[in-house]
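The values are calculated or read from the model by the stated rules, or taken from the named source; none is laboratory data. Being a predicted model, the structure only gives us computed values, none of them experimental. Cβ atoms come from the backbone with ideal geometry, glycine included; neighbour counts cover every protein chain shown. Calculation scope for accessible area: heavy atoms of the full protein, side chains included, ligands and nucleic acids excluded. Shrake-Rupley method; radii C 1.70, N 1.55, O 1.52, S 1.80 Å.
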Amino acid sequence: MTEPRTLTEELLDAIGYFHRAGHTPATSSNFSVRGLDSGFWVSESSRDKGSMRPEHFLHVAPTGVPVGEEARKPSAETGLHAAVYAECPEARSVLHTHSVAATVLSLERAKQGCVALEGYELLKALGGVSSHEVRVDVPVFANTQDIPALAREVGAWLREERAFGRPAWGFLIAGHGTYAWGRSVAEAKRHLEAFEFLFQVELMRAQRAVERGSLVALRADTFPAAEAAE
Ligand SMILES: [Zn+2]
């Protein structure tokens, strides 16, 4: 019989998946898991995500402050994990990546303040979503090095979403990356995979729209009479 795997081992598998997908470049990204003990376990700062081991996680209090001695530092963004766990008692794992699609799309949609995902079959990968006929707004927060301030913004957004019963499983930070979570490591991984796939799709659609616009402009420029006759 197979021994049940520890939560950290499950998390390491998920980190390996996102690293191989190219979503954790240059020691960026951070990951955490919450067990039955108080607080949670979070990846240590500045660690290459391609060679993570169980000892590369730190036990922190619910506030994100390290428990005990620790000369090592938890990820600089641990406060965002703490904000999610504080507002979502069911959350067991929070995953954060820096993919190209999330970085570009979050900048493109920063002014609107969200990425509206609508009509996609893959939205059903999100907990509580059972049809493609739904719209999920993924908020885009401005990037900042003031993590406590950003954590307060994330907390306020989560309280509102939960008050309205809307599925809230992730957010974007402009020019930075994606945060996603779930009721297990497996669910958090599924949510992040779904978001990353849908962000790539949104980005491709935006690029195609620009290309179509450029083609129309080019045709109007080159063949003004033909364009006018249509
Ligand atoms: Zn980050």
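Quick check on the stretch 101-112: of everything there that is within 16 Å of the ligand (Cβ to nearest atom) and not small (G, A, S), which residue is least open to solvent (accessible area, probe 1.4 Å)?
Selected residue: L105.
Being away from the ligand (no atom under 14 Å from the Cβ), more than 25 Å from S75 (Cα to Cα), surrounded by 15 or more Cβ atoms within 10 Å (Cβ to Cβ) and free of Cβ contacts under 8 Å to residues at least 40 places away in the same chain: is that true of E211 here? Reasoning before the result, please.
On the way: away from the ligand (no atom under 14 Å from the Cβ): yes; more than 25 Å from S75 (Cα to Cα): yes; surrounded by 15 or more Cβ atoms within 10 Å (Cβ to Cβ): no; free of Cβ contacts under 8 Å to residues at least 40 places away in the same chain: yes.
Against the criterion (away from the ligand (no atom under 14 Å from the Cβ), more than 25 Å from S75 (Cα to Cα), surrounded by 15 or more Cβ atoms within 10 Å (Cβ to Cβ) and free of Cβ contacts under 8 Å to residues at least 40 places away in the same chain), E211 does not qualify.
How many residues does the stretch 46-62 contain that are touching a residue at least 12 places away in the same chain (Cβ under 8 Å) and surrounded by fewer than 16 Cβ atoms within 10 Å (Cβ to Cβ)?
Looking only at that region, the number is 7.
Just checking, does the stretch 2-25 include any residue being at pLDDT below 85, out of contact with any Gly (no Cβ under 6 Å at 6 or more places or on another chain) and within 16 Å of the ligand (Cβ to nearest atom)?
Checked against the condition, which is being at pLDDT below 85, out of contact with any Gly (no Cβ under 6 Å at 6 or more places or on another chain) and within 16 Å of the ligand (Cβ to nearest atom), the stretch 2-25 yields no hits at all.
Would it be correct to say that A116 is within 15 Å of the ligand (Cβ to nearest atom) and outside any loop (DSSP other than H, G, I, E, B)?
So A116 fails the test.
Do you know which residues across the stretch 21-52 are in contact with an Asp or Glu (Cβ under 7 Å, 6 or more places away or on another chain) and either in a strand (DSSP E or B) or at positive phi (or both)?
Passing the criteria: T27, N30.
Among the candidates V115, V140, V129, which residue alone is more than 22 Å from S32 (Cα to Cα), surrounded by 13 or more Cβ atoms within 10 Å (Cβ to Cβ) and without any contact (Cβ under 8 Å) to a residue 60 or more places away in the chain?
V129
Among what's in the stretch 124-177 and is part of a loop (DSSP other than H, G, I, E, B) and within 16 Å of the ligand (Cβ to nearest atom), pick the residue that is farthest from L105 (Cα to Cα). Let's see the steps before the verdict.
Residues of the stretch 124-177 part of a loop (DSSP other than H, G, I, E, B): 126-134, 142-146, 164-169, 174-176.
Cutting the leftovers down to within 16 Å of the ligand (Cβ to nearest atom) gives us 142-146, 174-176.
On the way: A142: 13, N143: 14, T144: 17, Q145: 20, D146: 22, A174: 8, G175: 8, H176: 10 Å.
That would be D146.
If I go through the stretch 1-45 residue by residue, how many of them are open to solvent by 60 Å² or more (accessible area, probe 1.4 Å), among the small types (G, A, S) and under 19 Å from W181 (Cβ atoms)?
Qualifying residue count, the stretch 1-45: 1.
Pairs needed: first member in the stretch 6-33, more than 12 Å from H56 (Cβ to Cβ) and of a type in the set (K, R); second member anywhere, within 12 Å of the ligand (Cβ to nearest atom) and at pLDDT below 95; C-beta distance under 6 Å; at least 6 residues apart or different chains.
Close Cβ pairs satisfying both conditions: none exist.
Within the stretch 152-175, how many residues turn out to be open to solvent by 20 Å² or more (accessible area, probe 1.4 Å), more than 18 Å from A194 (Cα to Cα) and not charged (D, E, K, R)?
Going through the stretch 152-175 one residue at a time, the tally reaches 6.
Just to check your reading of the model, which residue among A194, A180, A206, A188 is within 14 Å of the ligand (Cβ to nearest atom) and either open to solvent by less than 10 Å² (accessible area, probe 1.4 Å) or not in a loop (DSSP other than H, G, I, E, B) (or both)?
A180
Return yes when S43 is free of Cβ contacts under 8 Å to residues at least 40 places away in the same chain and touching a helix residue (DSSP H, G or I) at 6+ places or on another chain (Cβ under 8 Å) and no when it is not.
Yes, satisfied.
Filtering the stretch 86-100 down to residues that are away from the ligand (no atom under 14 Å from the Cβ) and open to solvent by less than 10 Å² (accessible area, probe 1.4 Å), which residue is farthest from A188 (Cα to Cα)?
Once the filter is applied, the top-ranked residue is C88.
Which residues, counting only those in the stretch 53-78, are under 15 Å from the mean Cα position of the chain (by Cα) and either in a helix (DSSP H, G or I) or more than 16 Å from the ligand (Cβ to nearest atom) (or both)?
Selection gives T78 alone.
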